[in-house]
Each structure stands twice: as structure tokens, then as C-alpha cells.
1. If I model a spin label at Val219 and Glu34 as a point 7 Å from the Cα along the Cα→Cβ vector, what separation in nanometres do I get?
2. How much of the pair distance distribution for the chain lies past 29 Å, counting alpha-carbon pairs only, in percent?
3. Among all stretches of the chain without exposed GluC sites (Glu not before Pro) (DSSP loop, at most 11 other Cβ atoms within 10 Å), which one is longest?
4. How large are Rg and Dmax for the range 158-220 when only the alpha carbon atoms are used, in Å?
5. Tell me which lysines have Cα within less than 27 Å of Lys39's Cα, excluding those fewer than 8 residues away on the same chain?
6. In whole Hz, what ³J(HN,Hα) sequence does the range 53-61 give by Karplus (6.51, -1.76, 1.60; θ = phi - 60°), x for Gly and Pro?
7. Hey, what angle do you get for helix 102-118 against the long axis of the chain, alpha-carbon based, 0 to 90 degrees rounded to 10?
8. Among Asn44, Asn94, Asn169, whose mean-square fluctuation peaks in a Gaussian network model of the chain (Cα, cutoff 10 Å)?
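Since every read-out is calculated from the coordinates, none of them should be taken as a lab result. Quick caveat: nothing in here was measured; it's all calculated off a predicted structure. Cβ placement follows ideal geometry from the backbone for every residue including glycine, while neighbour counts extend to all protein chains displayed.
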Amino acid sequence: MRIEDRPSPNCNARRGGLAPSLVVLHYTAMESAEAALEKLCDENAEVSAHYLIGKDGAVYRLVDEAHRAWHAGEGRWAGREDINSRSIGIELDNDGTCAFEAPLMEALEELLRDILDRHAMPAKAVLAHSDFAPERKSDPGRNFDWQALARKGLSVWPEPSLKGDFMRNAAVFGYPIELGEKLVLDAFRQRFRPGASGPLDPADQAMMSGLARQYPADVTERFARRVPSRPLGLES
Ligand SMILES: [Zn+2]
């Protein structure tokens, strides 16, 4: 995979020595990759991501994975905050109203496979921005094909089962249930039942039960390996 470097000034150190344990997918909600690159590299905008993928499949690296990019904002997943310190952010060149182009999806699959491999992350580590900030965000939205990604082992898709309470299962999967059923149901449907509407129904309950049973959130924190600044035993 060819990656073009377009360094953004909008980054800092991951807090508390955290290492990435999640991947967050976004859409840019902009007209073009070039317009998005300009914004993501503008220090006054104070936003960035580690990667941006264009409609044509071009992959741009804006922030080194070792650093904390500014894509997630306020949010909570599996009870953890500061998602920026815990994640790798990928912006997808899509305005939020149309389908995601095939070359973009192919490049995303290749990039995700590489990231999950290198960081030894499971497929359940790949999240939508809307999953952990449903009160503010709805990207990558209902046009994004999560099931196709799951078929390639790059995301998860549940076997419906019938156990337990919807919100309790949502918390086990990772959703911020303190925001209430309506927002959690919206976020869940955007990703897993994009055609559904109306009140909570048995299909929602069965799928959330499957998610909780098969893919409980991993709440283990990961930390970057501390590399001594000088060889041990040679302190000056
Ligand atoms: Zn986003």
C-alpha cells in the first residue's frame, strides 16, 4: 500500500503513556479529500486524524500512530474516556449522503488489516465515531457497510441470541448507556440495522444480545512500551 505523508500540526502525546487499543472510523462530511486535507492540517481548525482515505483509494498519513490525533472529541466507550489517547483515527472522504466508493473501501480494508495486525487488535476494536459519541456524532453513518467489513474479519457482526436486557447488553458491548436508550438505539441501528426505525424491537434485542455474548468490550488498557532514554546502567 502506498501512503502519502501530509503531516498535520494538530497532535500531541498520548496521555498517561496509553497505546492504541481502538480504531475509529469517520466520514469527512466534505466535498473532496483535498478540502479535508486542508482542514485537517490547519492549526486553527484543531482537528486531525491519523489517516485520510480518498474516494480514489489514495491513503494519506497526517499523524504518526505513536501520537495522539484529534478526531474523537468527548466520548466514552466501555467506561473509558479520552478516546483520542486510546485510538487510531481514520477519516473517509465521504460527504455523509452518498455511498462509499469501492476503491476507498478496498484501501480501508488493506489499511485496517495492517493496523489490526501490527497492534494485535481484535476486529471488535474497530468502532464508528457514533458508537461512543452518539449525542453528537452520526458518522460514518448509515451508508457505511459494516457487514461487508465484518465478513473480511475487520469488524464484528453478531449471531442473534436471546439473553438479557438490551441496555445491559449494550453496556457489555461498550456503549455509553448513561446517555439513555434512545441514543444508544440510534447508534446501534446506524451500524447494525440501518433500515430500522420505531421503538426498540425484538430484532434489536437479539442482535445486541449477540454482540454482548460474542464481543464483550475489552477494558484492558494498553500502554506504550517504555524505552529507556539511554542504555541502562549508564546514567550520567
Ligand atoms: Zn467523526
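1. Reported label-point gap for Val219 and Glu34 is 4.9 nm.
2. On the way: 7590 of 27730 pairs.
Across the chain, Cα pairs with separations above 29 Å total 27 percent.
3. Numbers: sites that count: Glu31, Glu43, Glu46, Glu235.
Counting at most 11 other Cβ atoms within 10 Å as exposed, the longest clean stretch of the chain is 47-234.
4. 10.7, 35
5. Lys55, Lys137
6. My calculation for the range 53-61 gives 10, x, 4, 7, x, 5, 10, 10, 9 Hz in order.
7. 70
8. Asn44
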